[in-house]
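The values are calculated or read from the model by the stated rules, or taken from the named source; none is laboratory data. On a predicted model such as this, the values are computed, not experimentally measured, just so you know. Neighbour counts run over all protein chains shown; Cβ positions are idealised from the backbone, glycine included. Keep in mind that these areas ignore ligands, DNA and RNA; they rest on the heavy atoms of the full protein, side chains included. Shrake-Rupley method; radii C 1.70, N 1.55, O 1.52, S 1.80 Å.
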Amino acid sequence: MNASIPISLYTQNAHLNFYLLTPPHANVTIPDQSTNACMIDDLAARFIVNLPASELRTFDRILYHLQDASWFYNDHLRHQYNKRLLSTRSFCQMMFRRSLVLRPYLPRFDRLYTDFQRYVNTIHVYGCMLWSTDRTRLLLVRGPTGYWSFPKGKVNQQESGLGCARREVREETGIDVGPFLTSATPSITRRIYGRLLTMFTLTIPDIPIPYTSLDTTEITDIRWIQPCQMTNRRQYPTVLPFLPFTNTNQRLQLMSKNKPIPIRGPENTKC
């Protein structure tokens, strides 16, 4: 069970100091406006200051928002401030080291981050299977590890599955599927590596590549790919379980003639 943080993170009448807010009556010296201080204040203002108190009660939720901050840092701020690329773990560890509020828990960081990774794996993932109009190709995105997947991501608290899918597709491909994604849209749910994934199935026009991803660190490539090209199963670990094939040979035989793929119906997915 994730430990609760026993110190309040105030969001009013407080001095913004190194990522997180310190108690308003704490004896804290205002930091100089160095490059690091400016960058840290920027991140705190964007990702921490306006969070409700419920989001600051456990390390799981704090690290969840620090993870969002790490993506923003890698996509935008590191270029602005001429900083190096950081993994999410390294970024969060830096946050703990610099924050007066979190610094006392730095010796427990490894355990807290391990617990956070377990927590993240319990969060439902939503996205879209975007088929070409003739249903022979899928629009896939590739991450920094080299794996291809559907545009997808973890649902936020109090966010619907449909809302999550719309947001993730827009962030990762630049495509707004909002007008076409409704409660009647067919969906498929699979459990992969212990995590629940739900993909809504849509057909979209074959818009010329390249698309524009808002998530430049997490998304390295966007392509239309035919299922018959997915011969290396290791590169499509979260794609192939959603396709209507029982094995690789069946997939290759059916797709060798570039036939349309049948789209499955909904599987009682709640949004």
Of Asn2, Asn13, the only residue that is open to solvent by less than 30 Å² (accessible area, probe 1.4 Å), over 24 Å from Glu218 (Cβ atoms), modelled with pLDDT under 85 and of a type in the set (S, T, N, Q) is Asn2
Residues in the stretch 100-143 that are among the basic types (Lys, Arg), under 17 Å from Phe180 (Cα atoms) and in contact with a Phe, Trp or Tyr (Cβ under 9 Å, 6 or more places away or on another chain) total 0
Only one of (1) of a type outside the set (Val, Ile, Thr); (2) modelled with pLDDT of 90 or more; (3) over 13 Å from the mean Cα position of the chain (by Cα) does not apply to Lys152, and that is (3)
*asked:* Here is a check on your reading of the model: is Asp176 of a type outside the set (A, V, I, L, M) and touching a helix residue (DSSP H, G or I) at 6+ places or on another chain (Cβ under 7 Å)?
replied: yes
Over the stretch 64-100, the set of residues open to solvent by 20 Å² or more (accessible area, probe 1.4 Å) and in a loop (DSSP other than H, G, I, E, B) is Tyr81, Asn82, Lys83, Arg84, Leu85, Ser87, Leu100
Among residues of the stretch 228-250 being outside any loop (DSSP other than H, G, I, E, B) and at pLDDT 90 or above, the residue farthest from Gly127 (Cα to Cα) is Gln235
